[in-house]
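The values are calculated or read from the model by the stated rules, or taken from the named source; none is laboratory data. Here the structure is a predicted model, which means the values were calculated and not measured. Note that each Cβ is placed from the backbone with ideal geometry, even for glycine, and that neighbours are counted across all protein chains shown.
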Amino acid sequence: MNKTLNHPLEYNATARAYFESLTVRASKGGVAVWREAVEQLTGGLPSWARRKLPARGVKTAAPAVRTAE
């Protein structure tokens, strides 16, 4: 038995077709909203909807270095 759990939408042809139609229309905002909604509702993304490159992380400012004067 396969112990790897699949995403609930992994084999959903309708969801995949909708996602692919968003990417064909070059709607980056639509794709981002779809990913965010699915990720929040299901806890992850199906393999076919994962980002090719990791999303940009939030950059934090480096702590200021103080020298003794």
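Which of the numbered conditions does Asn6 fail, given that it passes all the others? Conditions: (1) surrounded by 10 or more Cβ atoms within 10 Å (Cβ to Cβ); (2) modelled with pLDDT of 90 or more. In the conditions (1) surrounded by 10 or more Cβ atoms within 10 Å (Cβ to Cβ); (2) modelled with pLDDT of 90 or more, Asn6 misses (2) alone. A Cβ distance below 7 Å, combined with a sequence gap of six or more or placement on separate chains, defines the contacts here; from the range 41-69, residues that are farther than 12 Å from Leu9 by Cα reach no residue that is modelled with pLDDT of 70 or more and assigned to a helix (DSSP H, G or I). Apart from one condition, Ala13 fits all of (1) surrounded by fewer than 10 Cβ atoms within 10 Å (Cβ to Cβ); (2) of a type in the set (Gly, Ala, Ser); (3) at pLDDT below 90; the exception is (3). Scanning the range 46-57 turns up at least one residue that is modelled with pLDDT of 85 or more, touching a Phe, Trp or Tyr at 6+ places or on another chain (Cβ under 9 Å) and either outside any helix (DSSP H, G or I) or among the aliphatic types (A, V, I, L, M) (or both). With the structure loaded, tell me whether Val38 is surrounded by 10 or more Cβ atoms within 10 Å (Cβ to Cβ), part of a helix (DSSP H, G or I) and at pLDDT 90 or above or whether it fails that test. Spelling it out, Val38 is indeed surrounded by 10 or more Cβ atoms within 10 Å (Cβ to Cβ), part of a helix (DSSP H, G or I) and at pLDDT 90 or above.
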